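Comments concern the structure below.
What follows is calculated from the coordinates using simple rules that are stated; it is not laboratory data. Computed from a predicted model, the values in this text were never measured in an experiment. We place every Cβ from the backbone using ideal geometry, glycine too, and count neighbours over all the protein chains shown.
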Amino acid sequence: MRPSFFHHLHPPTIPSPQARLRYTLAAGGLSFFLLLVVIVSGALEMFYYVPTPEQAPLSIQTITYLVPFGGWVRNLHYWSAQLLVVSACLHLLRVVFTGGYAPPRRFNFLIGMGILLMILFLDFTGYALRWDEGVRWALVAGTNLVRTIPQIGDWLYRLAVGGNEPGAATLVRFYAWHIFGLTLVIAILTAWHIFRVRRDGGIAVPPPELRGDPSRISRFELARREGLAAILASATLIGLAAWVPAPIAPPIQGEAGLAVDSLAPWFFLWVQQMLKSGDPFIFGILIPAGIFLLLASYPYLFKSPQAAELGRWFPRGGRAFQVFFAFVAAGIIILTILALAGAS
């Protein structure tokens, strides 16, 4: 078979044991596929969305209830964005627990962490664009956290919201960041990330002389598996978009104040729960930023697995990072559950 352009994006062959679903979780490829769905479905919504406080929630209702297939496209956009967060986190989990951050892949791990951060901000800004009663936490508490940063907090807050409180300028700035700024950064980082995967030698494996199974699969088989994963992901998205509608609420009435029952987006519920413990700067900015920076810089600061240990789950040389990551993940999950339990 003559290789197509799509096939040339893949290496000629890759080791068979490290191409199995139970090793890769297909998380990297699924993240790329979901990102494409987010971009395409979001571009379709742009034809009807109006980024003003008066028209934004009404345009969301127009898309949902009046535009042919508009509700389905909006649901597709919403669910692909939520699943993108999940698949990106699973990809990070797979890299950490298989030692995929070991040299020469440390810099690419750093790029991947940057992509994850941009995905969270992309989801957060898209969440706020609804401008309805369901997004008060993002508009008020989320932006007010910026104010707690010493020295530059007030300046950053005015830069983010375009004034002294959330309003029309805030929505326009969030819209610009969501459509252009963050999307462009993610596109550049994703292309760089994929390039570095090839440049760094593909998926992390031990040297040829230390591999128990020397078998390899071709780029055609790899593309076939990726196509099958994309089909299954498409079926899941179509089902979710058809049966589980994206959240929608009445437009914000009056000033965008914080209601008692306001909730953060689900991926930031753990931060909202920590804010109940004390100082907003410490629990809302310092600790989350510290956790992220430590995760991103860990491969540069501490010992990585040896080459002979790669290609399998839980290499001994990366045990400390695995424990730290598991502790952080468990803490985030517990805090999220506590936030949901408190809301109910």
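Can you tell me how much longer the chain between LEU21 and LEU93 gets when fully stretched, taken as 0.36 nm per residue apart minus their C-alpha distance, in nm with one decimal?
24.5 nm
Treating the beta-carbon of each Lys and Arg as +1 and of each Asp and Glu as -1, no other charges, what is the dipole magnitude of the stretch 17-343 about its Cα centre, to the nearest 20 debye? If you can, show how the numbers build up before the last one.
Numbers: 24 positive and 16 negative charges, 291 e Å.
Dipole size: approximately 1400 debye.
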Item to complete: Sort THR148, THR170, THR236 so the one with the fewest other Cβ atoms within 10 Å of its own Cβ comes first.
Response: THR236, THR148, THR170
Worksheet item: Which angle from 0 to 90°, rounded to the nearest 10, does the C-alpha axis of helix 106-128 make with the longest principal axis of the chain?
Response: 30 degrees
Fill in: Share of alpha-carbon pairs per 10 Å distance bin for the stretch 161-234, given as whole %
14, 22, 27, 16, 13, 6, 1
Worksheet item: What angle, in degrees between 0 and 90 and rounded to the nearest 10, separates the Cα long axis of helix 182-199 from the longest principal axis of the Cα atoms of the chain?
Response: 10 degrees
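Assuming a ≥ b ≥ c are the square roots of the Cα gyration tensor eigenvalues, decide whether the stretch 37-179 counts as rounded (a/c under 1.5), prolate (otherwise, with a/b larger than b/c) or oblate. Don't skip to the end; give the middle numbers.
Working: a/c = 2.74, a/b = 1.25, b/c = 2.18.
Verdict is oblate for the stretch 37-179.
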Fill in: Most fluctuating residue given options LEU21, LEU35, LEU263, as computed from a GNM of the chain linking Cα atoms under 10 Å
LEU21
Worksheet item: Can you tell which of ALA138, VAL40, TRP313 lies farthest toward the positive end of the dipole of the chain, using +1 and -1 charges on the Cβ of basic and acidic side chains (Lys, Arg; Asp, Glu)?
Response: TRP313
Item to complete: Assign unit charges at the C-beta atoms only (+1 for Lys and Arg, -1 for Asp and Glu), then state the dipole size of the stretch 151-302 relative to its Cα centre in Debye, rounded to the nearest 20.
Response: 640 debye
Response to the item:
For ILE14, the residues 5 or more places away or on another chain with a placed amide H closer than 5 Å to its own amide H are ILE217
Discussion item. With just the Cα atoms defining each centre, how far is the stretch 266-319 from the stretch 119-194? Give it in Å.
Written reply: 23 Å
Worksheet item: Taking the chain as a Gaussian network, where each spring joins two C-alpha atoms under 10 Å apart, which residue of VAL323, VAL85, VAL38 fluctuates the most?
Response: VAL323
Worksheet item: Quick one: helix 56-65 against the long Cα principal axis of the chain, what's the angle to the nearest 10°, folded into 0 to 90?
Response: 70 degrees
